[in-house]
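Written below as structure tokens is the structure these notes are about.
The values are calculated or read from the model by the stated rules, or taken from the named source; none is laboratory data. All values reported here derive from a predicted model rather than from experimental measurement. Cβ placement follows ideal geometry from the backbone for every residue including glycine, while neighbour counts extend to all protein chains displayed. Surface accessibility is based on the protein's heavy atoms, side chains included, excluding ligands, DNA and RNA. Shrake-Rupley method; radii C 1.70, N 1.55, O 1.52, S 1.80 Å.
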Amino acid sequence: MNLSVTLGRLTLNNPILTASGTFGYAREMEKVVDFARLGGIIPKTVTAAPRAGNTPPRTVETASGMLNAIGLDNDGLEHFLTHHLPYLRTLPTAVIGNIAGKTEDEFVQMAKRVHEAGQGLAGLELNLSCPNVSGGLDFATDPEVTKRIVRRCRDVCPDLPLIAKLTPNVTDITLIAKAAADGGFDAVSAVNTFVGMAIDWRRRKPILGNVTGGLSGPAIKPLALRAVWRIAKLQAVPVIGIGGIATIDDVMEFLVAGATAVQIGTANFYDPTASMRIVDALPKAVRTLGANRVTEVIGTLE
């Protein structure tokens with residue numbers, strides 16, 4: 001069974017990735033996850049300067065999902081390059097970095113810095129769509145802005161596989177995906193979290209310190225599945241599916257809908273071994289459709 005997939009310049013041993021923000025910097029998971037069995041790991045988003053994150057409470061459980069407003073709590077890009085990257089380079093799987101900038105120029109500067117210092121990274125995902133940080137959401141809501149950032153980052157990273165992480169909080173996500181493709185990116189990740197909120201009605205106050213947060217988990221899967229299907233129909237850029245994926249059935253739905261790979265996110269919080277179980281179940285699921293390669297089932301929805 002051949003489980004390998006290709007997204008532009010990036011080739012993965014299998015299509016199962018762990019989503020940024022749900023897997024730490026991998027070191028936290030080394031005692032429970034066999035990294036070699038995964039298609040790849042996307043560590044936590046890093047910003048140019050250290051960030052303390054948003055005011056607590058930062059997470060709240062919801063029906064069939066969770067809201068988070070972490071606010072990209074991290075120690076900054078230089079700390080990532082000097083402290084986390086040396087460890088990540090040793091892992092027996094593809095590691096895709098993830099960055100977020102406050103401005104267009106900052107995205108480009110960070111991408112250039114990663115390209116210069118990031119030997120060992122298989123690719124770089126640009127978080128153009130974090131709903132919990134001022135500015136981040138705006139980048140992936142405008143096709144022209146998205147295309148401009150993508151093209152400028154491609155110019156400073158000519159040979160590094162690049163992925164744009166898209167927001168679902170737009171009228172037509174296909175316009176943004178097309179813009180990323182036109183800018184020269186290798187793939188898009190769809191989707192980031194949906195903006196939502198939770199209220200304590202007895203106190204008449206929002207539960208999250210940030211008031212709003214990003215909704216993830218099983219509740220958003222049907223919405224994410226539709227977004228992936230619509231982007232895949234463009235046949236303009238490979239798409240990585242994200243949103244409520246926790247079982248092999250979830251994965252197969254996204255693959256048949258047109259995703260070339262998937263990211264496991266919220267499931268990592270309650271079952272860190274979910275990604276390995278899914279990888280183990282993938283060959284049998286592919287054979288169920290009469291295929292010998294995972295690529296033979298991608299985008300086969302009738």
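Sorted largest first, the principal axis extents computed over the alpha-carbon atoms of segment 247-302 equal 33, 18, 13 Å. Considering every alpha-carbon pair of segment 224-266, the percent of pairs per 10 Å bin, from zero through the bin containing the longest distance, is 35, 56, 9.
Taking 0.36 nm per residue of separation and subtracting the current Cα-Cα distance, fully stretching the chain between Glu78 and Val195 would add 39.1 nm.
Per residue, the chain exposes an accessible area of 42 Å² to a 1.4 Å probe, with every protein chain left in place. An oblate overall shape is assigned to segment 63-205, the ratio a/c of its alpha-carbon gyration tensor axes (a ≥ b ≥ c) being 1.5 or greater and a/b not exceeding b/c. The magnitude of the dipole of segment 1-158, with charges of +1 and -1 set on the Cβ of Lys/Arg and Asp/Glu and taken from the Cα centre, is near 320 debye.
Please list log₁₀ I(q)/I(0) at q = 0.07, 0.08, 0.10 Å⁻¹ for the chain, using the Debye equation with identical point scatterers on the alpha-carbon positions. Per q value, in the given order, log10 I(q)/I(0) is -0.23, -0.31, -0.49.
For the chain, the residue among Gln119, Gly213, Met29 whose Cα projects farthest onto the positive side of the dipole built from Cβ charges is Gly213.
Annotation for segment 16-68: trypsin sites (Lys or Arg not before Pro) lying in DSSP loop with at most 14 further Cβ atoms inside 10 Å of their Cβ are Lys31.
Once both labels are positioned 7 Å from their Cα atoms along Cα-to-Cβ, the gap between Asp159 and Glu116 label points is 1.8 nm. In the chain, taking the dipole from charged Cβ atoms about the Cα centre, the farthest positive-side position among Ala227, Cys153, Leu12 is held by Ala227. Here the accessible area is traced with a 1.4 Å probe on the protein chains. For the chain, carbon and sulfur cover 51 percent of it. Over the residues of the chain, the helix contribution to mean residue ellipticity at 222 nm works out to -8500 deg cm²/dmol, using -39500 (n - 2.57) for each DSSP H run of at least 4. Calculate, for Arg202 and Asp280, the FRET efficiency according to 1/(1 + (r/R0)^6) with r their C-beta to C-beta distance and R0 41 Å; round to the nearest 0.05. It comes to 0.35. First check a/c for segment 175-249, with a ≥ b ≥ c the square roots of the eigenvalues of its C-alpha gyration tensor; if it is under 1.5, answer rounded, and if not, answer prolate when a/b is larger than b/c or oblate otherwise. Cα axes put segment 175-249 in the prolate bin. Computed from the Cβ-Cβ distance with R0 of 41 Å, the FRET efficiency linking Ala291 to Thr171 stands at 0.70. Pairs spanning more than 30 Å between alpha-carbon atoms, out of Lys112/Lys178; Lys147/Lys233; Lys112/Lys233; Lys31/Lys233: Lys112/Lys233; Lys31/Lys233.
Assuming charge only on the beta carbon of Lys and Arg (+1) and of Asp and Glu (-1), the dipole of segment 134-251 about its Cα centre is about 440 debye to the nearest 20.
With a simple spin-label model that places each label point 7 Å from the Cα along the Cα-to-Cβ direction, the separation between Asp249 and Arg9 comes to 4.0 nm.
In this label model, Lys233 and Thr103 are separated by 4.0 nm, measuring between points 7 Å along each Cα→Cβ vector.
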